Amino acid sequence: MLVYAGAVMVMFLFVIAYVGRRADAPFEGGPSWQTLAAVVAGGVLLANVVIALGLTTSGRLDEEADVTQAFGGPSELGSVFLTNHLLAFEITSIVLLVAAVGGVILGSERHRG
């Protein structure tokens, strides 16, 4: 568990390195399509939270869903990943790490002279 928390921290640092100089002035040059998409996504998430709070306060979400028999819980999923499919799980994590490093390298704005 601690190893994967460290991996998440490394991925977070890669994202910070990828942003680079643009983090100082993200809205320079006016809003872009990404800004507008972020505002729309934020509005959708806010609507989702309002609906969930409304359903909770009205009492419609009082009954718990029992999905452990049909689907499996987190402990069952974790045991399957870390016993039966450990090699595929580790290969996937390495591929994602290489993709993140490649994204940082390709996204860096170095001026080569």
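Numbers for the structure displayed
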item: Those helices (runs of 4 or more DSSP H) lying entirely in region 1-83 with at least 1 residues at pLDDT 70 or above and either over 30 Å from Leu106 (Cβ atoms) or not hydrophobic (A, V, I, L, M, F, W, C) (or both); result: 33-58, 74-79
item: Meets criteria (out of contact with any Asp or Glu (no Cβ under 7 Å at 6 or more places or on another chain) and in a helix (DSSP H, G or I)) for Leu87; result: yes
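The values are calculated or read from the model by the stated rules, or taken from the named source; none is laboratory data. Just so it is clear, the model here is predicted, and its values are computed rather than measured. Virtual Cβ from ideal backbone geometry, glycine too; neighbours counted across all protein chains shown.
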